[in-house]
């Protein structure tokens, strides 16, 4: 919420980022309180971009992180593909959590104070040749990194 991108988008589009964050918090709260058998996976895509070929580039080009400290760009096609793969997955670690999705070669910190996370290993940067491998290290019940 302190990143320039967040602030710029929030100011220029009438508080949309604050409203999105409130919605996320309500989802986490609703599923926590309900102790429901239903679950959610919140995907926070990086900036949406269409590749020149408009093809799905696939899991080997993607990176997942958690805590909303890293971001990048991703195509709508790859976002849609990942969304379907997560929806069809029975992996327990993908339930009731949030993750960031972007192309590995576009990774950057959301805020300057997170720059060290690109190389420190403090935040897991998940990769894989298959979706199963890409999703393997996702942790349940992760929202924002707390400093």
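Evaluated against (1) surrounded by 15 or more Cβ atoms within 10 Å (Cβ to Cβ); (2) more than 12 Å from the chain's Cα centre (by Cα); (3) in a loop (DSSP other than H, G, I, E, B), residue 134 falls short on exactly one condition, (3).
All of 101, 48 fail the test of being under 13 Å from the mean Cα position of the chain (by Cα), touching a residue at least 12 places away in the same chain (Cβ under 8 Å) and under 25 Å from residue 122 (Cβ atoms), apart from 101. Within segment 65-111, which residues are assigned to a loop (DSSP other than H, G, I, E, B) and closer than 18 Å to residue 50 by Cα? Across segment 65-111, the qualifying residues are 72, 75, 107. Would you mind stating whether residue 60 is out of contact with any strand residue (DSSP E or B) (no Cβ under 7 Å at 6 or more places or on another chain) and over 20 Å from residue 98 (Cβ atoms)? So residue 60 passes the test. Against the list (1) assigned to a helix (DSSP H, G or I); (2) touching a strand residue (DSSP E or B) at 6+ places or on another chain (Cβ under 7 Å), the condition residue 25 fails is (2).
Taken over segment 107-123, residues that are out of contact with any helix residue (DSSP H, G or I) (no Cβ under 9 Å at 6 or more places or on another chain), surrounded by fewer than 16 Cβ atoms within 10 Å (Cβ to Cβ) and touching a residue at least 24 places away in the same chain (Cβ under 8 Å) amount to 2.
Throughout, read-outs are computed from the coordinates displayed, never taken from laboratory work. Keep in mind that what you see is a predicted model, and the values were worked out from it rather than measured. Heads up, the Cβs are rebuilt from the backbone with ideal geometry, glycines too, and the neighbour counts pull from every protein chain shown.
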